[in-house]
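Written out below as structure tokens is the structure these notes cover.
The values are calculated or read from the model by the stated rules, or taken from the named source; none is laboratory data. Predicted model only: the values in this text are computed from it and were never measured. Cβ coordinates were reconstructed from backbone atoms using ideal geometry, including for glycine residues, and neighbour counts include every protein chain displayed.
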Amino acid sequence: MRLRYRYRLYPDAAQREALARAFGCARVVFNDGLRARQTAYEAGLPYVSDGELSKRVITEAKQTPERAWLGEVSAVVLQQALADLNAAYRAFFASITGRRKGPKVAAPRFRSRKDRRQAVRFTKNARFSVTAGGRLRLPKIGEVPVRWSRTLPSDPSSVTVIKDAAGRYFASFVLETADEPLPRAAAEVGIDLGLTHFAVTSDGRKIENPRFLRQAERRLRKAQRALDRKAKGSANRKKAVVKVARAHTRVADARRDFAHKLSAALIRDNQAIYVENLSVKGLARTKLAKSVHDAGWSAFTAMLEYKAARYGRTFARIDRWFPSSKLCSACGTVQDEMPLNVRSWTCPCGAAHDRDVNAAINILAAGRADRRNACGDPVRPPLAVARVGEAGSHRGAA
């Protein structure tokens, strides 16, 4: 499995300047390549190939006085910027032709120098390495100190140096990791995600919704007001922008840490995990949009999915139209309607239900039904070639 391992970097002043130069050169090459293709399209000329584009905006551009400074950074950084542009065009063409599933992808856009989020990528061709002293050696940048929170399980194939909006630097390594199956667990769990409680499990456990954004709203509002009072273009405004970015970063980091710890605990304790396939994009169009985004369901379920694949667990999503809340888990009766303000109800069969616990129990039952039947065999077995005696019609058959 291919995973990313991210670590904090602490470059000195000279290294920060070298990284800023690399960020700027990568952005310029990306924009030059995009401009060249847009100009060719408007003039009715053929699509500029990847090789021809690299020759124009990198090789030949370095020979001109206007772009001579491109030679001050690693050539791999420039090539990877063009690789990102080519990948964006491929995704765009596949989207408009229908070959790409999911929502439509727009055409590539120019990168702005005012964007505080920057990144450059180094592949093995760049010969980056980790020194014996634990520093990250990058070409034409130097040996950058790294805060190693854990060891790398294998040799990375690439590293992306990221500067976020709060001014922090990170190294994101891409590497291949072997699966690490955990000892088999007896428990299985269905999870009902919500806003009152972040998650309710089929065994009755209710996990409170941390509401990180709601808790930080006062601090965010204060920082945003201070930013609005600063004159545009002033040094104080730049400082206020960083303060706002750091406030949002603390919220995002806390939410990510919560999701990682909860998903790891669920994967460790259960052999199979089933969740409902929620339409987060649709819910984000309602009056609950802020609360839905604050919950971070998509990131949480994505963590469950990849951790289940890595540690030998079963993970499945239940159809979003499955009536988990309206279905009685005792007798199977489906209620006609179930408004959101109804948190507990009693079925005509006499069973009293907590709405969320009942939904989690039904999600668990639906997940098990899709996975195996009472005999332990798959309910929907894969297609197989019919035997000779099974094919065709039999004489005398009614």
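Over 27 Å from Ala171 (Cβ atoms), touching a Leu at 6+ places or on another chain (Cβ under 9 Å) and either of a type outside the set (A, V, I, L, M, F, W, C) or in a helix (DSSP H, G or I) (or both), is that true of Leu53?
On the way: over 27 Å from Ala171 (Cβ atoms): yes; touching a Leu at 6+ places or on another chain (Cβ under 9 Å): yes; either of a type outside the set (A, V, I, L, M, F, W, C) or in a helix (DSSP H, G or I) (or both): yes.
Yes, satisfied.
For segment 1-36, the set of residues classified as surrounded by fewer than 17 Cβ atoms within 10 Å (Cβ to Cβ), more than 23 Å from the chain's Cα centre (by Cα) and not in a helix (DSSP H, G or I) consists of Tyr10, Asp12, listed by residue number. For segment 285-304, the criterion of being hydroxyl-bearing (Ser, Thr, Tyr) and over 24 Å from Ala365 (Cα atoms) is met by at least one residue.
Taken across segment 232-255, residues that are closer than 19 Å to Val200 by Cα, touching a residue at least 40 places away in the same chain (Cβ under 8 Å) and not assigned by TED's automatic domain parsing to the domain that holds Asp115 do occur, with at least one present. Inspection of segment 242-260 finds no residue satisfying the criterion of being in contact with a helix residue (DSSP H, G or I) (Cβ under 7 Å, 6 or more places away or on another chain), closer than 25 Å to Leu364 by Cα and among the aromatic types (Phe, Trp, Tyr). Collect the residues in segment 165-200 that are in contact with a Phe, Trp or Tyr (Cβ under 9 Å, 6 or more places away or on another chain), of a type outside the set (Gly, Ala, Ser) and assigned to a strand (DSSP E or B), keeping them in residue-number order. Answer for segment 165-200, where residues must be in contact with a Phe, Trp or Tyr (Cβ under 9 Å, 6 or more places away or on another chain), of a type outside the set (Gly, Ala, Ser) and assigned to a strand (DSSP E or B): Tyr169, Phe170, Phe173, Val174, Leu175, Glu188, Val189, Ile191, Leu193, Phe198.
Based on what the data block shows, is Val292 among the β-branched types (Val, Ile, Thr), in the same structural domain as Leu213 (by TED's automatic domain parsing), out of contact with any strand residue (DSSP E or B) (no Cβ under 6 Å at 6 or more places or on another chain) and in contact (Cβ under 8 Å) with a residue 24 or more places away in the chain? For Val292, the condition - among the β-branched types (Val, Ile, Thr), in the same structural domain as Leu213 (by TED's automatic domain parsing), out of contact with any strand residue (DSSP E or B) (no Cβ under 6 Å at 6 or more places or on another chain) and in contact (Cβ under 8 Å) with a residue 24 or more places away in the chain - is met.
When segment 40-69 is filtered for residues that are among the hydrophobic types (A, V, I, L, M, F, W, C) and surrounded by fewer than 10 Cβ atoms within 10 Å (Cβ to Cβ), only Ala43 remains.
Based on this model, can you work out whether Arg111 counts as in a loop (DSSP other than H, G, I, E, B), in contact with a Gly (Cβ under 8 Å, 6 or more places away or on another chain) and within 22 Å of Ala88 (Cα to Cα)? Steps first, please.
Working: in a loop (DSSP other than H, G, I, E, B): yes; in contact with a Gly (Cβ under 8 Å, 6 or more places away or on another chain): no; within 22 Å of Ala88 (Cα to Cα): yes.
Against the criterion (in a loop (DSSP other than H, G, I, E, B), in contact with a Gly (Cβ under 8 Å, 6 or more places away or on another chain) and within 22 Å of Ala88 (Cα to Cα)), Arg111 does not qualify.
Taking segment 110-127 as the range and being in contact (Cβ under 8 Å) with a residue 40 or more places away in the chain and over 23 Å from Ala166 (Cβ atoms) as the test, the residues that pass are Phe110, Thr123, Asn125, Ala126.
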